[in-house]
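Report on the following structure.
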Amino acid sequence: MPKDHTKAPFLEAVDAYRKAEMLAFTPPGHKQARGADPEARRILGDGVFLGDLLASGGLDDRRQRGQYLKDAEDLMADAVHATHTFFTTCGSSLSVKAAMLAVAGPHEKLLIGRDAHKSVVSALILSGIVPVWVEPRWDAERHLAHPPSPADFEAALEANPEARGALVTSPTPYGATADLQAIADVLHRRGKPLIVDEAWGAHLPFHPDLPSWAMDAGADVCVTSIHKMGSGLEQGSVFHLQGDLVAPDVLKNRADLWGTTSPSVLIFAGLDAWRRQMALRGRELLTHALELAAEVRAEIETIDGMHVNDRSDFCGPGLADDFDPLPVVIDLSNPALSGYRAADWLREHKDINVHLADHRRINVQLTYADSHETTRPLVSALRDLAEAARDWDPAPEVRLPDPDELRMEQACLPRDAFFSRTEDVPVEKAAGRVAAEMVTPYPPGIPAILPGERLTEPVLAYLATGVEAGMNLPDAADPEFRTVRVVADEEPGQTG
């Protein structure tokens, strides 16, 4: 029987709760805004507090017999062609951990694209899963990583037939995508599941001109952030499941290990509302976004010293398989402009925040929420930036490793290194030592150093010069990167 996507059962339950004027002698302690700080009520608005309810024993009864959450999850699964969908309120950082533990356990191998988000590495540290790193496809000219190819996963599986499955990140934060169907075929021929970290692809199911998305491509588990390219609230995430290689009760059980027992009703309601919006109007809204992106791309391309990366830059032999045009990635050729400088100037002088900034690029992410009211000031600000930069000195140089220098030996498991006895040593003396921490340029949050990797001078120089140029390393023990945390023991635990 067709699902009725005009309904938003969880959101409607919030509305009904407010209209019923129930008295709550439960958390949250602000009691429907009455006890909240007056200044917080003024700034945030009472609507935030009125929607901040206890999910079980509040919005729903103590046994959740209203099934508002289940009904909302079932509608989401139907909208995106999945068999099962689960909502989470701790972001895709939680969802990807749950997915990994549903496929592999301690001391078991999992194939993972080395361009994975730091949340994947956190899962390795906490679980003891053994990573088999699959190298991304490196664009040496642009110093950019694209997802590994099906052949890369095929080779990794042949070398590690005992691996329990694989995880690939697609799209990347820059919009590059993998051939998910071919990768899924590689795994399924051996009876193994594919997890796709599709945090940046919530919109993909809803327009035919966008790259194929994970469920339609045959992936088994897909993790999606609704707050990134959708209109959900921050931390709103879902994971979808299909096929018989991962049991739904196992996936739900693993999510319960990581998740909170106090989920945000606000975030759940935002997920439910977004699904209804996409099911009813997704194609229309995304057509608008794609047309706007094409226009913005063409306008920025006319600005001296700025090139918008397009399909011809990202796709081709040895590069990505497909391309999402909504992340507008701007390559800066002016020697005075690094992405760090550009991002800081736009925020300070034009009140504009960009998504990503690296040594040579910024990424201005467009969604269907944008219009000429937002893009015209953006293009104007970029023109002003190009003009202002004419008088600047060259940007500080970042010493970029060649692709073959960027990867380091995994000397021991991430878990063993992270929980070992450690010491902090000067960066100039750290080459040859085994890292005991993650060091992650953020955004986009892809670690340059993993616990257990044997440090090399090119990677250390890249990060040290990057920090001097404006790179942000929020998870490093020393964010200024004058020291690095390493394993103190001479022979830490071995891999495998």
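The values are calculated or read from the model by the stated rules, or taken from the named source; none is laboratory data. Please read these numbers as outputs of a predicted model, since none were measured by experiment. Virtual Cβ from ideal backbone geometry, glycine too; neighbours counted across all protein chains shown.
Okay, residues lined up against (1) of a type in the set (Gly, Ala, Ser); (2) touching an Asp or Glu at 6+ places or on another chain (Cβ under 9 Å); (3) under 20 Å from Pro131 (Cα atoms):
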| site | (1), (2), (3) |
| --- | --- |
| Leu406 | no, no, yes |
| Gln410 | no, yes, yes |
| Leu413 | no, no, yes |
| Ala436 | yes, yes, yes |
| Gly466 | yes, yes, no |
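Going through (1) out of contact with any Ser or Thr (no Cβ under 9 Å at 6 or more places or on another chain); (2) buried (at least 21 other Cβ atoms within 10 Å of the Cβ) one by one, Thr177 falls short only on (1).
Within the option set Asp197, Asp185, being at pLDDT 95 or above, surrounded by 20 or more Cβ atoms within 10 Å (Cβ to Cβ), outside the structural domain of Arg311 (by TED's automatic domain parsing) and of a type in the set (Asp, Glu) holds for one residue only, Asp197.
Candidates in the range 440-482 are the residues that are assigned to a strand (DSSP E or B) and in contact with a Lys or Arg (Cβ under 9 Å, 6 or more places away or on another chain); of these, the one that is nearest to His117 (Cα to Cα) is Glu453. For the structure I just gave you, tell me whether Arg114 is among the basic types (Lys, Arg) and modelled with pLDDT under 95. So Arg114 fits the description; yes.
Scan the range 327-353 for residues that are surrounded by fewer than 22 Cβ atoms within 10 Å (Cβ to Cβ), within 24 Å of the chain's Cα centre (by Cα) and part of a loop (DSSP other than H, G, I, E, B) and the total you get is 2.
Within the range 432-456, the set of residues being over 22 Å from the mean Cα position of the chain (by Cα) and surrounded by 16 or more Cβ atoms within 10 Å (Cβ to Cβ) comprises Arg433, Val434, Ala435, Ala436, Gly452, Glu453, Arg454, Leu455, Thr456. Kindly establish whether Arg42 is in a helix (DSSP H, G or I), over 27 Å from Lys252 (Cα atoms) and in contact with a helix residue (DSSP H, G or I) (Cβ under 7 Å, 6 or more places away or on another chain). Judged against the criteria, Arg42 is not a match. Pairs meeting the criteria (first residue in the range 473-490 and closer than 19 Å to Arg421 by Cα, second residue among the acidic types (Asp, Glu), beta carbons under 6 Å, at least 6 apart or on different chains) are Ala477/Glu437; Thr483/Asp424; Arg485/Asp424; Arg485/Glu437; Ala488/Glu423.
Filtered by the rule that a residue be closer than 23 Å to Pro106 by Cα and surrounded by fewer than 21 Cβ atoms within 10 Å (Cβ to Cβ), the range 133-153 gives Trp133, Glu135.
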